[in-house]
1. Within region 37-47, identify whether any single residue is within 28 Å of Gly159 (Cβ to Cβ) and either surrounded by fewer than 18 Cβ atoms within 10 Å (Cβ to Cβ) or not acidic (Asp, Glu) (or both), and answer yes or no.
2. Any idea which residue in region 73-82 is surrounded by the fewest Cβ atoms within 10 Å (Cβ to Cβ), counting only those that are of a type outside the set (S, T, N, Q) and touching a residue at least 40 places away in the same chain (Cβ under 8 Å)?
3. Quick one: which of Phe72, Phe148 is under 16 Å from Ser28 (Cα atoms), modelled with pLDDT of 90 or more and within 12 Å of the chain's Cα centre (by Cα)?
4. Could you tell me how many of the residues in region 99-126 are surrounded by 18 or more Cβ atoms within 10 Å (Cβ to Cβ) and part of a strand (DSSP E or B)?
5. So which of Ser60, Ser85 ends up being free of Cβ contacts under 8 Å to residues at least 60 places away in the same chain and closer than 20 Å to Thr158 by Cβ?
6. Being acidic (Asp, Glu) and modelled with pLDDT under 95 narrows it down to one of Glu122, Glu94, Glu102, so name that one.
7. Every residue in region 39-69 that is more than 19 Å from the chain's Cα centre (by Cα), in a strand (DSSP E or B) and at pLDDT 90 or above, please.
8. Are any residues in region 70-98 assigned to a strand (DSSP E or B) and acidic (Asp, Glu), and if so, which ones?
Amino acid sequence: MKYTRLLPLLFIACGVARYASADVSPISISVQQISEDKRDKKVNLHQKKSLKITLSNSSSQEASLNVKYFYFGKDAKSHLVTALSTGEKAAIVEAHGKAEIETASATATFVDRHADGNPPKEVAASGIRMVGYGVQVTQNGKPAAEYFSEPGLAKVVTGAK
């Protein structure tokens with residue numbers, strides 16, 4: 001009778017132990033976005049962005065990594081967010097070391113909604129506006145680290161809803 005009260009605690013302890021034993025990756029990343037946006041005529045936005053990715057390896061062994069990066073854009077008409085540009089680079093990070101990767105630039109042009117002509121007529125917004133970025137790092141085909149500027153952007157890559 002006394003032991004039946006302890007049964008729920010036993011289940012909780014087993015669940016915590018299972019999560020506590022999960023593998024922790026020795027790879028960590030930090031991502032900095034480099035932005036060279038320009039506006040002309042107050043309505044045209046020309047975006048040019050690249051990423052500076054710092055990889056850190058806390059293990060005592062060299063790590064051979066594959067780095068995938070994504071830039072995401074939102075279409076002015078459909079409002080759908082898609083992967084605008086993607087790329088992939090290989091990197092080797094020494095034991096207890098760091099490595100830096102700079103990605104190729106991605107560009108997009110967006111035209112704000114505005115009035116034009118005489119008499120003025122409303123012109124709808126058009127083009128694609130960059131809304132974020134993401135980085136996924138794998139080691140031997142297994143996920144090692146990832147970062148997305150907005151949590152929902154990971155779903156665009158995986159196709160999850």
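The values are calculated or read from the model by the stated rules, or taken from the named source; none is laboratory data. Since we're looking at a predicted model, the values are computed, not measured. Here the Cβ is made from the backbone with ideal geometry for all residues, glycine too, and neighbour counts use every protein chain on show.
1. Scanning region 37-47, I find at least one residue that is within 28 Å of Gly159 (Cβ to Cβ) and either surrounded by fewer than 18 Cβ atoms within 10 Å (Cβ to Cβ) or not acidic (Asp, Glu) (or both), so the answer is yes.
2. Lys77
3. Phe148
4. Here is the first cut: in region 99-126, the ones surrounded by 18 or more Cβ atoms within 10 Å (Cβ to Cβ) are 101, 103, 106, 108, 110.
This time we only want the ones that are part of a strand (DSSP E or B), so: 101, 106, 108, 110.
Looking only at that region, the number is 4.
5. Working: Ser60 fails: closer than 20 Å to Thr158 by Cβ.
Testing whether each residue is free of Cβ contacts under 8 Å to residues at least 60 places away in the same chain and closer than 20 Å to Thr158 by Cβ leaves just Ser85.
6. Numbers: Glu94 fails: modelled with pLDDT under 95; Glu102 fails: modelled with pLDDT under 95.
Of the residues listed, the single one that is acidic (Asp, Glu) and modelled with pLDDT under 95 is Glu122.
7. Going residue by residue through region 39-69, those that are more than 19 Å from the chain's Cα centre (by Cα) are 39-46, 57-64.
Narrowing further to those that are in a strand (DSSP E or B): 39-40, 44-46, 57, 63-64.
Answer for region 39-69, where residues must be more than 19 Å from the chain's Cα centre (by Cα), in a strand (DSSP E or B) and at pLDDT 90 or above: His46, Asn57, Ala63, Ser64.
8. Answer for region 70-98, where residues must be assigned to a strand (DSSP E or B) and acidic (Asp, Glu): Asp75, Glu88.
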